[in-house]
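Undergrad: Please find one structure pasted underneath; my questions will follow.
None of the figures in this text is laboratory data; all of them are computed from the coordinates on show. Note that the coordinates shown come from a computational prediction; the quantities given were computed from them, not determined experimentally. Here the Cβ positions follow ideal geometry from the backbone for every residue, glycine too, while neighbour counts run over all protein chains shown.
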Amino acid sequence: MEAVRLNSGLPLYEPAHATHLYGPLLTATLAAVFRVTGLSLLAGRIGLSLFSLALAALLAFALCRRKGRACWIVAVLLVLGLNFRTNLILFSAQPDAAAAFFGVGGLCVWIVWRSPLGVVASIALFVCALFFKQTAAAFALVPAVHSLIWRRNVRDVLIGCIPAASVLAVLGAVYALWPQVFFAMVTVPGSIKVDYARVAPLAAYMIATSPLFLLAVISISISAEPLTDAEKWVWSGIIVLVPVSIWTMCKSGGGYSSLLFGYIAMIALVVVRLEPIGTWIRGMPAKSAYLFSAIFLLCAIFSFFVQFDRSLALLFVRCGDDKYDAVVDFARRSDGLVISPQDPTISYRAKKYFGRSLFFELDRHTIDGKWPETLPASLDDELGSASFVVEAKSYVPTPMFTDALIAHHFRPLDIPQLENSFYTVWTHGQ
């Protein structure tokens, strides 16, 4: 709906309007898609999913340039397999894959194109990653960490800090020139509570359930060869992106999708070690080679499908149900203001009304890092002026919304078309 507002010329970043917690490029990208397709949620999902395919191709190109076709194919499959470890995030309408694509692109340009123009292009890609998802700013820290660990001289460390310093400068400019954008991008997400007690268990889980990554680490530890430049860059990425991903997931409301950046760094290590591992296996006697090939395959299956039950469950989770068209039609035929804070597309399709989002409002008005127990005043005022309210139940509980409906003397309507539906229409009166 933020993309639809943008296409309609309405402001997104203003004190009276709560928007999403991602960067503004997510809204701009969806707005571009909707200009072609109209308000199609499937088109939005497909548009953002294309970045996942581009990310897999980019990583394969960067890590397998001088290797065979088999390495390219395996690299693409390994990256796309991360979908099963990250709540199917690679094929969703969220900006994680797009942010990762631009972050990895920024690193590739920084590594390969060492010239003033290359530095500018790399910084531009890092900024694009930031404006899709804020935690993607961590990619800009990788050059600094790489210089600090592997080069260890003042000049190289200072050069490596240029991307991170540039990203900070951009955030400073946003703060000065577009304070409401900074508020939505930084201040509101920064107010969300972080449960630091989960950090150690989550780190252990992330590594212990990735035996493919552990195999890559073991292959390095027993190798007599020094680390290659690619491996040094990948280790720098792991040092930065894994902790950042864990910290992000430990925030209130964080999910396994938050681990994408860390998993990308871990799977990159697997890809750069594919050739040495393959050479090592081919040098074994036939029986041992078959055995270790089977172990490698089992580790790959376990690494990607260890939490497949959660991914499978997500395939069947919906906000609402197949009565969507029926509730939109009812709202269209109803007199007075109809709002649907849990799914603002309903009131928009029915009345062309840009209503408030319950989840955005709750995010913006957190108390001690958590959602408030009562509705924010902005949404409560809208509720008080509505004639009908469409409640759309989902897997995210919002008891404060139901409490507010009752407090405003709304009652649920008995509508035959919505029997046994996730949708409930509430109205004033007897």
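Undergrad: Let a ≥ b ≥ c be the square roots of the eigenvalues of the Cα gyration tensor of segment 102-208; is it rounded (a/c under 1.5), or, if not, prolate (a/b larger than b/c) or oblate? Let's see the in-between values first.
TA: On the way: a/c = 2.04, a/b = 1.15, b/c = 1.77.
Here segment 102-208 falls in the oblate category.
Undergrad: Return the FRET efficiency for the residue pair Ala28, Ala124: r is the Cβ-Cβ distance, R0 is 22 Å, and the value is rounded to the nearest 0.05. Please report the intermediate quantities before stating the final value.
TA: Values: r = 15 Å, r/R0 = 0.70.
Using R0 = 22 Å, I get an efficiency of 0.90.
Undergrad: Need one number: nm distance between label points at Val112 and Arg69, each 7 Å from Cα along Cα→Cβ, rounded to one decimal.
TA: Here the modelled spin labels are 2.1 nm apart.
Undergrad: What does the highest-first list of 304-310, 249-255, 150-156 look like by mean Cβ count within 10 Å? Each step should come with its number before you reach the end.
TA: Numbers: 304-310: 14.7, 249-255: 17.6, 150-156: 11.7.
Taking the mean over residues of other Cβ atoms within 10 Å, the ranking is 249-255, 304-310, 150-156.
Undergrad: Which of the peptides 407-413, 24-30 is most tightly packed, and how do the rest follow, going by the mean number of other Cβ atoms within 10 Å of each residue? The partial results should precede the final answer.
TA: Details: 407-413: 14.3, 24-30: 20.7.
Those peptides, ordered most packed to least, come out 24-30, 407-413.
Undergrad: Is segment 324-427 rounded, prolate or oblate when judged by the Cα gyration tensor, a ≥ b ≥ c being the square roots of its eigenvalues, rounded requiring a/c under 1.5 and prolate requiring a/b larger than b/c? Don't skip to the end; give the middle numbers.
TA: Numbers: a/c = 1.74, a/b = 1.61, b/c = 1.08.
In terms of gyration-tensor shape, prolate.
Undergrad: Show me the ranking of peptides 227-234, 95-102, 110-117 by mean Cβ neighbours inside 10 Å, starting with the highest.
TA: Packing proxy ranking, top to bottom: 95-102, 227-234, 110-117.
Undergrad: To continue, here is another question. Relative contact order of segment 324-427: what whole-number percent is it, with Cα pairs under 8 angstrom and at least 6 residues apart?
TA: Values: 139 pairs, mean separation 28.3, N = 104.
That works out to 27 percent.
Undergrad: Fewest to most neighbouring Cβ within 10 Å: what's the order for Thr86, Thr279, Thr187?
TA: Numbers: Thr86 24, Thr279 9, Thr187 13.
Ranking Thr86, Thr279, Thr187 by Cβ neighbours within 10 Å, fewest first, gives Thr279, Thr187, Thr86.
Undergrad: So, one more: Label Ile222 and Ser385 with points 7 Å out from Cα along Cα→Cβ: what is the distance between them in nm?
TA: Rounded to a tenth, the inter-label distance reads 7.0 nm.
Undergrad: Along Cα→Cβ, 7 Å out, is where each label goes; now give me the distance between the ones at Asp414 and Thr37 in nm to one decimal.
TA: 4.1 nm
Undergrad: Calculate, in nm to one decimal, what Tyr205 and Met284 gain on full extension: separation in residues at 0.36 nm each, minus their alpha carbon distance.
TA: Gain on extension, Tyr205 to Met284, equals 25.2 nm.
Undergrad: Helix-derived [θ] at 222 nm for the chain: sum -39500 (n - 2.57) over DSSP H runs of at least 4, divide by residue count, nearest 500? Each step should come with its number before you reach the end.
TA: Details: 22 runs with 255 residues, N = 430.
Result for the chain: -18000 deg cm²/dmol, rounded to the nearest 500.
Undergrad: With r as the distance between the Cβ atoms of Glu14 and Ala173 and R0 = 25 Å, compute the FRET efficiency 1/(1 + (r/R0)^6) and round to 0.05. Before the final figure, lay out the partial values.
TA: Numbers: r = 19 Å, r/R0 = 0.77.
Step by step, r from the Cβ atoms, then E = 0.85.
Undergrad: While we're here: Please sort through the DSSP H helices of the chain and keep those with an alpha-carbon extent of at least 27 Å along the long axis and a Kyte-Doolittle average not below 0.5. Walk me through the intermediate numbers first.
TA: Details: long enough: 41-63 (34 Å, 2.10); 229-249 (30 Å, 0.95); 286-305 (28 Å, 1.82).
Helices meeting the span and hydropathy rule in the chain are 41-63, 229-249, 286-305.
Undergrad: Another question, if that's okay. Between Ala326 and Glu373, what is the FRET efficiency for a Förster distance of 25 Å, r being their Cβ-Cβ separation, to the nearest 0.05?
TA: Numbers: r = 32 Å, r/R0 = 1.29.
Between Ala326 and Glu373 the formula returns 0.20.
Undergrad: What does the extension gain come out to for Asp403 and Phe316, with contour length at 0.36 nm per residue minus their alpha carbon separation?
TA: Details: separation 87, 0.36 × 87 = 31.32 nm, distance 2.78 nm.
This chain segment gains 28.5 nm when fully extended.
Undergrad: To continue, here is another question. List the lysines whose Cα lies under 30 Å from the Cα of Lys352, skipping any in the same chain that are fewer than 8 positions away.
TA: Lys133, Lys323, Lys393
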